[in-house]
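Take a look at the structure below.
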Amino acid sequence: MDLGVRWKLHGDGRTPAPGAVVRPDERLSWPRTAGLGAQHVVAMFGASFVAPVLMGLDPNLAIMMSGVSTVIFLLATRGKVPSYLGCSLSFVGVAAVIRAQGGTSATVTGAVLVVGVVLFLVGLAVQYFGARIIHATMPPIVTGAVVMLIGFNLAPVTASTYWPQDQWTALLVMLFTGLAVVCLRGFWSRVAIFLGLVFGYGISFVFDRVFGKIHSVDGGGHMTDHWRLDLSGVGRADWIGLPSFHGPSFQWSAVLVALPVVIALVAENAGHVKAVGEMTGDNLDDKLGTAISADGVGSVLSTALGGPPNTTYSENIGVMAATRVYSTAAYWAAAGFALLFGICPKFGAVVAAIPGGVLGGITVILYGMIGLLGAQIWIKSEVDLRNPLNLVPAAAGIIIGIGNVTLKFTDTFSLSGIALGTLVVITGYHALRALAPAHLKTQEPLLDEGTSSYDEPSGGSGEGERRLP
């Protein structure tokens, strides 16, 4: 059985020839491959390490399970889809809502484990029925709206939790990170979040030495005098040791909050497979279901041990595009580095010590970017918001999600925010479509531009059919 773990040496093993690419089944020399693997870990570091901290989970376990999930993904796709699976930011809002309702870390991971199971089943359905099943249930208007409300639902977390801990550090980190994203080029722009974290560490250290302790709310929400950067936990942490594990706990209220994220994960995986296929020149349509299922399996395994869920990372697509090296050997190397970092508690303690003000500056940009990815789905799919069939359910669902509107059924059961907003978008769209006059119904592509080619005959619907007459 071909597991995709054999690679041919590309050229002299040093650098690709001008205009050439290193294909998934090729590799450079092992030292260069290891270097590329380390580069992939750095690329995902900023977002993938911020996520478990924001979710209140162990960052050491997060990085370890990201390496394990990457191995599972590479084996499942037989080395055809180069990808790194890092901690998904889509669940940060879910974790905040569950904890606000009194949930623990076990409640968070239990809810997300169910999402991983559902994602696995969706992947099997896509593999069996084809990608048109995604189009039938989650057209771009629905997917974009759900991704948008998941991102923007996080705004109060930044405004009330992180920013007040140190507003001036937050402002400087926000400005620095924004400049890094826009002004830097190539690899450095891909690690802008990581650079923002490093800058924030430095600024917090300097402010502590110049101004002393700050009088503000701490991570627990209490008004106290405290240091911005507290590294006492780093000194106490061991160099080598296993991360902390815990089992999941299942509550229906928490599961209902988390389930909408399945839509975002399907969109992420579909876009990732399409992007990689275009870059490598390979037709990866038949790998979409496998990729989704592998993501689900990795997330189930991670959350079963107390870690966060995982998903494909656009930062690593950027690294591939910049280096033109698509070798899966580099991702095996990245997974190895992740496992090593995972058994270094001191490394995790450094991550856990990220000052609240630094997270405030980072999350202002990060959460907004998550939300605007929904708008990007609309733009790429040419969703017409002049059509009330698109406009009404999306508008209602987004406001419910952002405003955290609550619908109370009984004293013990209610739906609010992300869960209620997603339900309104999905059921509202399909109900209105069933009742709408024929001239409002248009043929829309799949999750992103170009993915309508999945399972479509060569004479499929043209551009004109997607537009209103």
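The values are calculated or read from the model by the stated rules, or taken from the named source; none is laboratory data. Because the structure is a prediction, the values reported are computed rather than measured. Cβ placement follows ideal geometry from the backbone for every residue including glycine, while neighbour counts extend to all protein chains displayed. Remember, those area values only see protein heavy atoms, side chains included, never the ligands or the DNA or RNA. Shrake-Rupley method; radii C 1.70, N 1.55, O 1.52, S 1.80 Å.
Using only Cα atoms, what Kirkwood radius does the stretch 201-242 have, in angstroms?
Details: mean 1/r = 0.0846 Å⁻¹.
About 11.8 Å, per the Kirkwood formula over Cα pairs.
Quick one: check the C-alpha center-to-center distance for the stretch 271-290 versus the stretch 386-404, whole angstrom.
Cα centroid to Cα centroid, the span is 31 Å.
How much of the DSSP beta bridge set in the chain is antiparallel, as a percent to the nearest 5?
Around 75 percent of the beta bridges assigned by DSSP in the chain are antiparallel ones.
Show log10 I(q)/I(0) for the stretch 173-289 at q = 0.11, 0.16, 0.21, 0.23 Å⁻¹, two decimals, from a solvent-free Debye sum over equal Cα scatterers.
Taken in order of the listed q values, log10 I(q)/I(0) reads -0.81, -1.15, -1.11, -1.14.
Projected onto the charge dipole of the chain (+1 at Lys/Arg Cβ, -1 at Asp/Glu Cβ, origin at the Cα centre), which of 193, 306, 140 gives the Cα projection farthest towards the positive end?
The listed residue farthest towards the positive side: 193.
For the chain, what is the convex hull volume of its Cα atoms per residue in Å³?
Spelled out: Cα convex hull of the chain, divided by residues, is 157 Å³.
If you stretched the chain out fully between residue 376 and residue 278, how much longer would it get, using 0.36 nm times the residue separation minus the C-alpha to C-alpha distance?
Details: separation 98, 0.36 × 98 = 35.28 nm, distance 1.83 nm.
Between residue 376 and residue 278, full extension yields an extra 33.5 nm.
Please say if the stretch 235-359 is rounded, prolate or oblate, where rounded means a/c under 1.5 for a ≥ b ≥ c the square roots of the C-alpha gyration tensor eigenvalues, and otherwise the choice is prolate for a/b larger than b/c and oblate otherwise?
Verdict is oblate for the stretch 235-359.
Per residue, how much accessible area does the chain have with a 1.4 Å probe, in Å²?
With the other protein chains kept in place, the chain gives 42 Å² per residue.
Assuming 1.306 mPa s and 10 °C, estimate D for the stretch 49-119 with Stokes-Einstein, Rh taken as the Kirkwood radius over Cα pairs, in µm²/s.
The calculation lands on 122 µm²/s.
Step through the table entries 8/80; 408/441; 80/380; 80/274, compare each Cα-Cα distance with 23 Å, and write down the pairs that go over it.
Table pairs above 23 Å Cα-Cα are 408/441; 80/380.
What does a probe at residue 99 reach in the stretch 344-358, counting residues whose amide N is under 14 Å from the point 7 Å along Cα→Cβ?
352-357
In 5 Å bins starting at zero, report the fraction of Cα pairs in the stretch 20-179 per bin as a rounded %.
P(r) over the stretch 20-179, rounded to whole percents: 1, 7, 11, 16, 18, 16, 14, 10, 5, 2, 0.
What full-extension length gain, to one decimal in nm, is calculated for residue 369 and residue 409 as 0.36 nm per residue of separation minus the Cα-Cα distance?
11.1 nm
Roughly to the nearest percent, how much of the accessible area of the chain is carbon and sulfur, given a 1.4 Å probe?
In the chain, the share of accessible area belonging to carbon and sulfur is 65 percent.
Counting only chymotrypsin sites (Phe, Trp or Tyr not before Pro) that are in a DSSP loop and have at most 16 other C-beta atoms within 10 Å, tell me the longest site-free stretch of the chain.
Result, exposed sites excluded: 1-226.
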